[in-house]
Amino acid sequence: MNIFKETGLNNELLRAVTRLGFEKPTPIQEKIIPVILNSSRDIIGLAQTGTGKTAGFGLPLIQNINIDDRSVQSLILCPTRELCMQITEDINSFASFTGGLSVLAVYGGANITPQIQSLKKGAHIVVGTPGRTLDLIRRNVLKINYISWLILDEADEMLNMGFQEDLNAILESTPAEKQTLLFSATMPDDVRRIAEKYMNKPLEITVGKKNAGAENVEHHYYVVKAADRYAALKRIADINPKIYGIVFCRTRNETKDVADKLIQDGYNADALHGELSQSQRDHVMHRFRNKTLQLLIATDVAARGIDINELTHIINYNLPDDPEVYLHRSGRTGRAGKSGISISITHSREGRRIKELEKMIGKKFIHKMIPGGREICEKRLFNLIDKVENVEVDESKIESFMPDIYKKLEWLEREELIKHFVSVEFNRFLEYYKNAPDLNITPDKGIDKKKKLNGKKNYTNIYINIGSKRGMNPSNLISLVNEAMRKRDIAIGKIDVQRNFSFFEIDRDYDQKLLNAFDSSIYEDQPVVVEIKNGKQKNYGGSQNIAAPGYGNYHSKSKSRKRTKW
């Protein structure tokens, strides 16, 4: 199948995709559009972000909708406000020649009243985030009893964000007779359980290998000392003058710190993190989408839902603790047939983790050297020459200024003029990188500390009063421990995230240090309680015993007035 016409789409949709510049369907579109058009079978679509999933389900959905019926016929659930708005915008674009179609986006962080009013007027397709969708269902404003299509987009991300209970409540409110379409980049157990419980013998359509990296993405890694991480980031940005990408950090504090330093050093950068208001977030994203910003510094949570096809680079300021998080990050570049580069700034003991990622995505990581000063100066210089050579000259706008400019520069010979012109850019970088040290260190295979530990007896089981309800998942928990301990190589064993609390295992040599590190800490404006299961701990005074559901006693430590925020 080489053209959209062969998928079975009607003339109105074919006109729309032609106007949008779509030449031929992507692999996921080629496989999924005919199935949705010609059958009511449930479908699981496994494909990376940026592979055209929205058009894959959106185009046939528009064709199947009964325009004369103003009731909600399809519900599309997605993890974030940004993705919700993007899907709605895309479907409206696809329906530009389909008269009368109504698509409504409903999401949190916005006034609910206009959304209620719009629902009362009628909508054929509702695109929503789980929390706001469930709220509207419980208010009896959004009626999904008779929908014909239910679409779960980025199901793995919705579960990672703690929407399991909301999704269950929504799915249980839908009719048995409907077509369910589930899309996910990965297929963890939680997603598989949803499919088994709520889908009827689904057809599984996979584009590429499961958990494999995007085809058009190269994976590079640099090895530096931890103290040189920011200097390495700047050199990577300098050697790529046309960079347009996202720098991923572990925590909001690190995000703000890196962004502030980049801004102070003159880079087109800004931060995206959880402390921003929605209007501030929208402002940052508007600048980034318009390419006013070259670098967006973000946490994984803050970056969810960002859907931009033109990104050239993804930079992992730190490797994520969860390999699937790396898969999601790297999948944000190399979209829509374009190539991209996923860069990781690592230290010498992370060689083992690089090998694990290579095995998971089925691609070799390329070890790159941090560029030196002369190499950067040369790259920036010739980038400037290329810009000058290819700039469009508008005679009418500069004609009146040219006599004075000629007169000002007439004392310079041609060669001297070029030297002055070149030095404007070259001198700045040459001065900055004069005597710049070599940041590279030799990578090694690292030490798998977990293998050194002799089974479970070398771990301490820890309780923490943060669960999926507050956005906790294994990756976030590991990041939280790493930041609290200010140490990245402490062995962490099994992790069990419940709705209101979590359990995890930590190397027994560090359990008391962990308790001290979390003493009087605050997470999202609530005190953090960290306790050892069935074990002795340091006496903080006034300790008491509490019981977590289904577990034994835990020894609680008191909280002083000192507060640390995450």
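What's the center-to-center distance, using Cα atoms, between the range 213-260 and the range 150-186 in Å?
33
Determine how many Å³ per residue the convex hull of the Cα atoms of the range 4-206 encloses.
Measuring per residue, one finds 110 Å³ for the Cα hull of the range 4-206.
If I take every Cα pair under 8 Å that is 6 or more residues apart in the range 189-280, average their sequence separation and divide by the length, what percent do I get for the relative contact order?
Normalised by residue count, the contact order of the range 189-280 is 15 percent.
Using the Karplus curve 6.51 cos²θ - 1.76 cosθ + 1.60 with θ = phi - 60°, what ³J(HN,Hα) values do you get for each residue of the range 314-327, in whole Hz, with x for Gly and Pro?
Values, residue by residue: 10, 10, 8, 4, 9, 5, x, 6, 9, x, 5, 5, 4, 4 Hz.
Just how many % of Cα pairs in the range 211-370 lie over 18 Å apart, if you round to the nearest whole percent?
Beyond 18 Å sits 55 percent of the P(r) for the range 211-370.
Under a plain spin-label model, where a point goes 7 Å from the Cα along Cα-to-Cβ, how far apart in nm are Glu375 and Asp69?
So the two model labels end up 6.2 nm from each other.
As an exercise, find the ratio Rg/Rh for the chain from alpha-carbon atoms, using the Kirkwood inverse-distance average for Rh.
In the chain, Rg relative to Rh is 1.01.
Which whole-number percent gives the relative contact order of the chain, counting Cα pairs below 8 Å spaced six or more residues apart?
So the answer I get is 12 percent.
Using a cut-off of under 16 Å, list every residue of the range 253-274 whose amide N is near the label point 7 Å from the Cα of Arg287 along the Cα-to-beta-carbon line.
Taking a point 7 Å out along Cα→Cβ of Arg287, the residues of the range 253-274 whose backbone N falls under 16 Å are 255-274.
Excluding Leu181 itself, calculate the net charge of residues whose Cβ lies under 11 Å from the Cβ of Leu181, where each Lys or Arg counts +1 and each Asp or Glu counts -1.
Its environment carries a net charge of +1.
For a Förster distance of 25 Å, can you work out the FRET efficiency between the beta-carbons of Arg193 and Lys143, rounded to the nearest 0.05?
The computed FRET efficiency comes out at 0.40.
Once a ≥ b ≥ c are taken as the square roots of the eigenvalues of the Cα gyration tensor of the range 278-412, is the result rounded (a/c under 1.5), prolate (a/b larger than b/c) or oblate (a/b not larger than b/c)? Display every interim value, and only then the final one.
Values: a/c = 3.00, a/b = 1.85, b/c = 1.62.
Prolate.
With a sphere of radius 13 Å drawn around the Cβ of Ser102, what net charge do the other residues whose Cβ falls strictly inside it have (Lys, Arg +1; Asp, Glu -1)? Present the calculation step by step, with values, prior to reporting the outcome.
On the way: positive: Arg70, Lys120, Lys121; negative: Asp68, Asp69.
Summing Lys and Arg as +1 and Asp and Glu as -1 gives +1.
Can you compute the label reach from Val422? Point 7 Å from Cα along the Cβ direction, backbone N cut-off under 18 Å, restricted to the range 377-396.
Flagged as within label range: 377-390.
Using only the C-alpha atoms of the range 374-432, find the volume of their convex hull and express it per residue in Å³. All intermediate terms of the calculation are to be shown ahead of the outcome.
On the way: hull volume 5.9 nm³, N = 59.
Dividing the Cα hull volume of the range 374-432 by its residue count gives 100 Å³.
Stokes-Einstein D for the range 1-103 at 4 °C, 1.567 mPa s, Kirkwood Rh over Cα pairs, in µm²/s?
Once the numbers are plugged in, D ends up at 92 µm²/s.
Over 31 Å between Cα atoms, which of Lys121/Lys178; Lys5/Lys197; Lys242/Lys419; Lys53/Lys234 qualify?
Lys5/Lys197; Lys53/Lys234
If you add up the charges near Asn216, with Lys and Arg at +1 and Asp and Glu at -1, over every other residue whose beta carbon is less than 9 angstrom from its beta carbon, what do you get?
So the surrounding residues net to 0.
Using the per-residue mean of other Cβ atoms lying within 10 Å as a proxy for protection, in what order, highest first, do the peptides 471-481, 254-264 fall?
Most protected by this proxy first, the peptides run 471-481, 254-264.
What do you get for GluC sites (Glu not before Pro) in the range 17-95 restricted to DSSP loop and a cutoff of at most 14 other Cβ within 10 Å of the site's Cβ?
The qualifying sites are Glu23.
Which FRET efficiency, nearest 0.05, do Ser40 and Ile112 yield, Cβ-Cβ r, R0 35 Å?
Using R0 = 35 Å, I get an efficiency of 0.60.
Using only helices, what value at 222 nm comes out for the chain when you add -39,500 (n - 2.57) per DSSP H run of length 4 or more and divide by the total residues, to the nearest 500 deg cm²/dmol?
Working: 22 runs with 223 residues, N = 566.
Using -39500 (n - 2.57) per qualifying helix, the result is -11500 deg cm²/dmol.
Just so you know, all these numbers are worked out from the coordinates, no wet-lab data involved. Everything numeric in this text was worked out from a predicted model, so none of it was measured. Cβ: placed from backbone, ideal geometry, glycine included. Neighbour counts: every protein chain shown.
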